[in-house]
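A short write-up of the structure that comes next.
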Amino acid sequence: MSASANRHRSKRLCPFNNKVPNCTKDKAQDPLGVCSVFHENEVVITCPIRFRQAWLIADDAADFFFAPDATWTTLTEVRLKDAEGGSAGNIDVVLCAYDKAGKVYDFGALEVQAVYISGNVRNPFEHYMESPAKRSGMDWTTEANYPRPDYLSSMPGRRKRRSH
């Protein structure tokens, strides 16, 4: 219920570094506004943009890909071309290490996958949005179609590639 949370809710903004200021989850005109859910007392991320919080994903990836003293930058939604020059899709995040002259000498690529949800998120979210202050503690866990992570559908090979 912070001022920042209220601002993001009322203006339908994404606080996690989306390409545009607004949340675009589900529908551009009526965004879902739910980027994570609680399941068994754990936060489960359901929107890939949510992984961009404070760019921790980039820091962690750079620690994995590069030496500690590397200078690096991050690119998002990097388009790949196939052998004929057509689109082969996008890579979610590419980190590039570069030298003092600005020449790239190493890179690493990340494909980000959030968890799909079974059940219905929109109904409880819209109910909550009618009165966030009054409904911030609502418990929908016993309701029909309560949203739950669908880990099986989220696994590679079980889904078609979607662009975000």
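The values are calculated or read from the model by the stated rules, or taken from the named source; none is laboratory data. This structure is a prediction, so every number in the text was calculated from the model and none was measured. Cβ atoms come from the backbone with ideal geometry, glycine included; neighbour counts cover every protein chain shown.
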Next item on the list: Within segment 71-86, track down each residue that is under 11 Å from F107 (Cα atoms) and either part of a loop (DSSP other than H, G, I, E, B) or of a type in the set (A, V, I, L, M, F, W, C) (or both).
Entry: W72, L75
Item checked: Checking S154 against (1) surrounded by 15 or more Cβ atoms within 10 Å (Cβ to Cβ); (2) in contact with a strand residue (DSSP E or B) (Cβ under 9 Å, 6 or more places away or on another chain); (3) modelled with pLDDT of 80 or more, the condition it does not meet -> (3)
Checklist line | Pair list, Cβ under 6 Å, 6 or more apart: segment 34-58 residue touching a residue at least 60 places away in the same chain (Cβ under 8 Å) and assigned to a helix (DSSP H, G or I), other residue surrounded by 15 or more Cβ atoms within 10 Å (Cβ to Cβ) and among the aliphatic types (A, V, I, L, M) | finding: P48/V112; P48/A114; F51/I57; F51/V112
Notebook entry, point to check: Any residue at all in segment 77-85 that is modelled with pLDDT of 95 or more, within 29 Å of P147 (Cβ to Cβ) and loosely packed, with under 15 Cβ neighbours inside 10 Å?
Noted result: no
Checklist line | Hey, D63 of a type in the set (D, E, K, R), outside the structural domain of N145 (by TED's automatic domain parsing) and assigned to a helix (DSSP H, G or I) or not | finding: yes
Notebook entry, point to check: Can you pull out the residues in segment 116-132 that are within 14 Å of M1 (Cα to Cα) and at pLDDT below 85?
Noted result: Y128, M129, P132
Notebook entry, point to check: For segment 87-114, how many residues are surrounded by 14 or more Cβ atoms within 10 Å (Cβ to Cβ) and either in contact with an Asp or Glu (Cβ under 7 Å, 6 or more places away or on another chain) or part of a helix (DSSP H, G or I) (or both)?
Noted result: 6
Item checked: Output for segment 108-128, where each listed residue is closer than 30 Å to D69 by Cα and either charged (D, E, K, R) or out of contact with any helix residue (DSSP H, G or I) (no Cβ under 8 Å at 6 or more places or on another chain) (or both) -> A109, E111
Checklist line | Residue list for segment 45-73, filter: hydroxyl-bearing (S, T, Y) and either surrounded by 18 or more Cβ atoms within 10 Å (Cβ to Cβ) or within 15 Å of the chain's Cα centre (by Cα) (or both) | finding: T46
Check: Within the bounds of segment 130-144, is there any residue that is over 26 Å from H8 (Cβ atoms) and free of Cβ contacts under 8 Å to residues at least 60 places away in the same chain?
Finding: yes
Checklist line | Qualifying positions in segment 25-44 - surrounded by fewer than 10 Cβ atoms within 10 Å (Cβ to Cβ) and within 16 Å of G119 (Cα to Cα) | finding: E40
Notebook entry, point to check: Within segment 132-149, is there a residue that is assigned to a strand (DSSP E or B) and at negative phi?
Noted result: yes
Next item on the list: Report, by residue number, each residue of segment 1-18 that is surrounded by 12 or more Cβ atoms within 10 Å (Cβ to Cβ) and assigned to a loop (DSSP other than H, G, I, E, B).
Entry: R12, C14, P15, F16, N17, N18
